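In what follows, a single structure is set out as structure tokens and then discussed.
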Amino acid sequence: MSLEVVELSGLATIQDSGRIGWRKFGVPVSGPMDTFAFHAANKLVGNDANCAVIEIGLGDITLRALRDCVITVTGVGYGVSIYVWDFPLWSSYYVRAGWTIRLNKLDSGMWAYLAISGGFQAPLILGSCSTYLRGHFGGFDGRQLQVGDVLRAGTPSRHPNELAARTLPESARPVYSNNPIVDVIMGPQEKYFTDESIATFKSQEYSVSTTSDRMGYRMEGAALKHRNKVELISEGMTMGAIQVPASGQPIVMMADSPTTGGYPKIGTVVSADLPLLAQCVPGRSKIRFRETTVAKAQRKYRALMGGLEKIVESD
Amino acid sequence: MHFKPRIVALGDSSILIQLDEEIDPAINQRVHALANLIANSAINGVIETVPAYATLLVHYDVLILSFTQIKNILREKLTHIQENESRKPRLVEVPVRYGGELGPDLESVASHCGLRVEDVIRIHSEKKYTVYMMGFTPGYPYMGKLDDKLIMPRLETPRTRVPAGTIAIAGSQTGIYSIESPGGWNLIGWTPLKLFDPNSDSPFLFAPGDEVKFVVDQ
């Protein structure tokens, strides 16, 4: 027994790095919306990259520690208080049994990740403990967390003294913003769109609709026009792929998105910038898409993930 | 017009091999042959592949493989699929109870196609189908090619809840709902077989490339 949920107004689910290996059977990857913040959280508390964390969005959560532990909270748009003190995100902390940990939603950002040293324990379903809400499996009984849920953690990798009071400096994190420029690899169905629409896509501002969810972010902005066909025969999809149905409003596939799709794809958000998009606030953030090459995108991703090595002791 | 196979990036961590752009059993067989060839090659950095009607998506690890490296490897594999002997597909028999409460569209399909109900059942169940691909929900098979006499459009208004195991048709395809979900296809029957059980050692009844035969079970 490690943490108990005592108050909850947000959407909280258990997520590990994702359910891999079953996409050809129609099983989505699920996992975190902001993969960088997820990986940073595990690293800060000395966990393996695949350990399960709590992802929280859209509201608050309060947990009570049932034993001494080391935790961290990463992400954007949350304030953290432990016992009676307020703390910044992206650092690890020692928590005593009986203390409460409160994450309260602020105006910016969307998702936060609470990791505990040892990782949260949940049964492996198809090799992963990520929650797939639509399918009602994985994570905590296949559902979002509720008040009263008790979460268990595994054995920490190191002594708490070596894990508490560490920080990932801001310089190593993505440059989260309310007005991000999000890099995109164009295609594969660029030819399905008019030249004017391609130019519009790369220059106009888009916002995230409030109807967005873990499956996809519906973008709102200048409509994109198809030359002719509005559908194609289904093909495989990936997180970040941007489908454009007849309405002309693009939809960016996110963590719980289906594994195949039949709408033309104008482009795909690069891995390094998915965290920026994931943390955009519906109705408030303004996003611009920018074309880049695969080589540049891959270099950017490797550099970003390399930044996880920059964890230091907190001041 | 002859379609020239293309290999294109889908973002920075997956790559799409387009063999063609139509739904055709022969094209789909080549997709599965290519998928098997790549799986058997155990390429370091390839995470998994997702076959579809006429394409294969290859998910790869950017920290192990660059785009240029994976593209060259896949180009080489493409040249070998002609020589590659396709495996004999696995046959799955599916018992079906046609019509009734769980096949509420059977009669409207019959009347739309100008057939008797018995003919719809006979035509649907006498053929062997190929599982072209899976998607939409875990375990859901897209199968074809349905006899031209049974071609139906999708429903104008999809149903909000279709029970798992329901057999459906639309266009030249037939499918089986694998979990309870919304559904826009025409519902003609039901099978007691479980298509998806996440807690089982064999979670999926079907795999892409399987052959399927419906058997009347009434």
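The values are calculated or read from the model by the stated rules, or taken from the named source; none is laboratory data. Just so it is clear, the structure is predicted and the values come from calculations on it, not from any experiment. Every residue, glycine among them, receives a Cβ derived from its backbone with ideal geometry; neighbour counts consider all protein chains shown.
What to note about this one:
- Selection count where residues are within 27 Å of A:G21 (Cα to Cα), assigned to a loop (DSSP other than H, G, I, E, B) and more than 11 Å from chain A (Cβ to nearest Cβ), scope segment B:165-190: 2
- The one condition in (1) out of contact with any strand residue (DSSP E or B) (no Cβ under 8 Å at 6 or more places or on another chain); (2) away from chain A (no Cβ under 11 Å); (3) on the phi < 0 side of the Ramachandran plot; (4) not β-branched (V, I, T) that B:A42 fails to fulfil: (3)
- Residue match in segment A:163-185 (condition: more than 14 Å from every other protein chain (Cβ to nearest Cβ) and of a type in the set (K, R)): yes
- Any chance B:D119 is under 25 Å from B:V31 (Cβ atoms), surrounded by fewer than 15 Cβ atoms within 10 Å (Cβ to Cβ) and modelled with pLDDT of 95 or more: no
- Residues located in segment B:8-42, provided they are polar (S, T, N, Q) and either free of Cβ contacts under 8 Å to residues at least 40 places away in the same chain or surrounded by fewer than 23 Cβ atoms within 10 Å (Cβ to Cβ) (or both): B:Q18, B:Q29, B:N36, B:N40, B:S41
- Matching residues, segment A:239-256, being surrounded by fewer than 24 Cβ atoms within 10 Å (Cβ to Cβ) and in a loop (DSSP other than H, G, I, E, B): A:P245, A:A246, A:S247, A:G248, A:Q249, A:M254, A:D256
- Odd one out for A:S130, checked against (1) farther than 21 Å from A:P32 by Cα; (2) of a type in the set (S, T, N, Q); (3) assigned to a loop (DSSP other than H, G, I, E, B): (1)
- The set of residues in segment B:1-39 being within 13 Å of chain A (Cβ to nearest Cβ), over 20 Å from B:Y132 (Cα atoms) and assigned to a loop (DSSP other than H, G, I, E, B) consists of B:L10, B:G11, B:D12, B:S13.
- Within the option set B:T166, B:T68, being modelled with pLDDT of 95 or more and either of a type in the set (G, A, S) or more than 27 Å from A:V27 (Cβ to Cβ) (or both) holds for one residue only, B:T68.
- Hey, A:K229 part of a helix (DSSP H, G or I) and either at pLDDT below 95 or within 13 Å of chain B (Cβ to nearest Cβ) (or both) or not: no
- Checking B:A52 against (1) away from every other protein chain (no Cβ under 14 Å); (2) crowded, with 20+ Cβ neighbours inside 10 Å; (3) at pLDDT 95 or above; (4) under 16 Å from the mean Cα position of the chain (by Cα), the condition it does not meet: (1)
- Failed item in (1) of a type outside the set (F, W, Y); (2) within 9 Å of chain B (Cβ to nearest Cβ); (3) surrounded by fewer than 24 Cβ atoms within 10 Å (Cβ to Cβ), with A:V269 passing the rest: (3)
- Condition met for B:V96 (in contact (Cβ under 8 Å) with a residue 12 or more places away in the chain, within 14 Å of chain A (Cβ to nearest Cβ) and not in a loop (DSSP other than H, G, I, E, B)): no
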